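Visitor: Dropping a structure here in structure tokens format, bear with me for questions.
What follows is calculated from the coordinates using simple rules that are stated; it is not laboratory data. It should be emphasised that the depicted structure is a prediction, and the values quoted were computed from it without experimental measurement. Reconstructed Cβ throughout: ideal geometry from the backbone, glycine too, with neighbour counts over all protein chains shown.
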Amino acid sequence: MSKVECFNESNFEQVSRTLAETVTGTQLGYIFSSCQIDDIIGATGTKWKRIYHSMLERQRMDKCGNHVAQFIMAVMSPGRFAKEKNKFIEARRELNLFLSFDGLELDEEGKLHHVEKSRTISEAEKRCQILSAKLVGRDIHPEVIKFCKVELLHDNYFHAVFEATKSLAQRLRDLSGEETDGSRLVDAVFDLDKPTLAINKLTSETEKMEHKGFATLLKGCFMAIRNPLAHEPKILWNGEDDAADYLTLISLLHRKLDSAVRIPRY
């Protein structure tokens, strides 16, 4: 990345403490070596102090923070957390809280990017919940929030949308009594000849087309969002903007289901 200004020493203690929680003493030594940083305290020292003093000494020598940034990215390489996803999420969120005061942000790939510096604690906290902030004012349906609350708090775009699509399928099962899933579930519930649920009175051709169109939207949601996500290692769209739009669509579908009427089968 381009030149990184020296990290604020008062903030860096917290960054050091967070990084120290993600590595063993032995791992820390290897990472120091790979980043060409001298461990000035030594292996017998406290991990966060080893990081803090070694990093700050290196940036004093360099008169910039590039080696420090390289070290942070090495520690936060996603491959190191392959079996500890939640640990990565928590560490990244906590790091970004402090890094934002230096005008930096760590993304889902463990890469640092320049951002506008936070000036207040409130600004830093909001930046750590970007997706949640983008949903403010969209009046997201409670069923969506219920299914992906943890993911929203962690700003986990991929799993927030994935869990939200699950909420649609579960809502359909709860309202209709059907036990299938995906497109088969939608076909069973909104069959135009023998519907289990209806979003209108189905008395006119326009109402029937609306009913059929809503069913198509539901199936499209499962096919375009949930099914690809279940088979891909990372989110397929452009970060939080598309994630917020998908969550808004799922919220709209839930809102239509609020007025759905169950049709008894005789």
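Visitor: As I understand it, the dipole of region 1-137 uses +1 on the Cβ of Lys and Arg and -1 on the Cβ of Asp and Glu, about the Cα centre. Which of HIS67, ILE41, ASN86 lies farthest toward its positive end?
Guide: About the Cα centre, the residue reaching furthest to the positive side is ASN86.
Visitor: Another question, then. Tell me, what are the semi-axes, in whole angstrom and largest first, of the equivalent ellipsoid of region 18-85 as set by the roots of 5 times the Cα gyration tensor eigenvalues? Mind dumping the intermediate values first?
Guide: Values: eigenvalues 76, 41, 17 Å².
Over the Cα atoms of region 18-85, the semi-axes work out to 20, 14, 9 Å.
Visitor: What number, in percent, do you get for the relative contact order of region 9-128 if the mean sequence gap of Cα pairs under 8 Å and at least 6 apart is divided by its residue count?
Guide: Working: 135 pairs, mean separation 27.2, N = 120.
Worked out over region 9-128, it gives 23 percent.
Visitor: Then there's this: Let me spell out the model: positive unit charges on the Cβ of Lys and Arg, negative unit charges on the Cβ of Asp and Glu, origin at the Cα centre of the chain. What dipole size does that give, in debye rounded to 20? Each step should come with its number before you reach the end.
Guide: Numbers: 38 positive and 40 negative charges, 69 e Å.
In debye, rounded to 20, the chain gives about 340.
Visitor: Go ahead and set up a Gaussian network model of the chain, Cα springs under 10 Å, then flag whichever of ALA82, ALA188, ALA243 fluctuates most.
Guide: ALA82
Visitor: Let me ask something additional. At q = 0.07, 0.11, 0.14, 0.15 Å⁻¹, what log₁₀ I(q)/I(0) does a Debye calculation on the Cα points of the chain give, no solvent, two decimals?
Guide: At q = 0.07, 0.11, 0.14, 0.15 Å⁻¹ the computed log10 ratios are -0.37, -0.70, -0.93, -1.02.
Visitor: Also: If you average the sequence gap of Cα pairs under 8 Å that are 6 or more apart and divide by the length of the chain, what percent do you get for the contact order? Could you put the intermediate results ahead of the total?
Guide: Numbers: 317 pairs, mean separation 40.6, N = 266.
So the answer I get is 15 percent.
Visitor: On to the next question. Could you identify which residue out of ILE41, ILE145, ILE89 has the top mean-square fluctuation in a GNM of the chain using Cα springs shorter than 10 Å?
Guide: ILE41
Visitor: Anything over 29 Å Cα to Cα? Flag those among LYS47/LYS111; LYS87/LYS219; LYS85/LYS146; LYS87/LYS117, in the order listed.
Guide: Working: LYS47/LYS111 22 Å; LYS87/LYS219 34 Å; LYS85/LYS146 21 Å; LYS87/LYS117 25 Å.
Over 29 Å Cα-Cα: LYS87/LYS219.
Visitor: Per DSSP H run of n ≥ 4, the term is -39500 (n - 2.57); total these for the chain, divide by its residue number, and report the mean residue ellipticity at 222 nm rounded to 500 deg cm²/dmol. Let's see the in-between values first.
Guide: Numbers: 13 runs with 158 residues, N = 266.
Value at 222 nm, helices only, nearest 500: -18500 deg cm²/dmol.
Visitor: Can you compute 3J(HN,Hα) from phi for each residue in region 90-100, using the Karplus curve 6.51 cos²θ - 1.76 cosθ + 1.60 with θ = phi - 60°, rounded to whole Hz and x for Gly and Pro?
Guide: Result, ordered by residue: 5, 5, 4, 5, 5, 4, 5, 4, 8, 5, 4 Hz.
Visitor: Rounded to whole Hz and in sequence order, give me ³J(HN,Hα) for region 157-171 from the Karplus expression 6.51 cos²θ - 1.76 cosθ + 1.60, θ = phi - 60°, writing x for Gly and Pro.
Guide: Coupling constants for region 157-171: 4, 3, 6, 4, 5, 4, 5, 5, 5, 4, 5, 5, 4, 5, 4 Hz.
Visitor: Report the gain in length on full extension from ARG255 to GLU84: 0.36 nm times residue separation, minus Cα-Cα distance, nm rounded to one decimal. Intermediate results must be reported in sequence, preceding the final value.
Guide: Values: separation 171, 0.36 × 171 = 61.56 nm, distance 3.56 nm.
Between ARG255 and GLU84, full extension yields 58.0 nm more.
Visitor: Please report THR196, THR180, THR216 as a ranked list, fewest other C-beta atoms within 10 angstrom at the top and most at the bottom.
Guide: Details: THR196 19, THR180 15, THR216 12.
The fewest-first ordering by Cβ neighbours comes to THR216, THR180, THR196.
Visitor: In a GNM of the chain with a 10 Å cut-off on Cα contacts, which of LYS212, LYS201, LYS166 has the highest mean-square fluctuation?
Guide: LYS201
Visitor: Quick check on the exposure proxy: order SER33, SER2 from fewest to most C-beta atoms within 10 angstrom. Write down the numbers at each step before the final one.
Guide: On the way: SER33 11, SER2 5.
So the ranking, lowest neighbour count to highest, is SER2, SER33.
Visitor: Here's something else I'd like to know. Starting from one equal scatterer on each C-alpha and no solvent at all, send me the Debye-based log10 I(q)/I(0) for region 1-136 at q = 0.13, 0.19 Å⁻¹, two decimals.
Guide: Summing over Cα pairs of region 1-136 leads to -0.52, -1.11.
Visitor: Amide H to amide H under 5 Å from LEU104: which residues, 5+ apart in sequence or cross-chain, H placed 1.01 Å off N in plane?
Guide: Amide H to amide H, under 5 Å and 5 or more residues apart or across chains, LEU104 pairs with VAL115.
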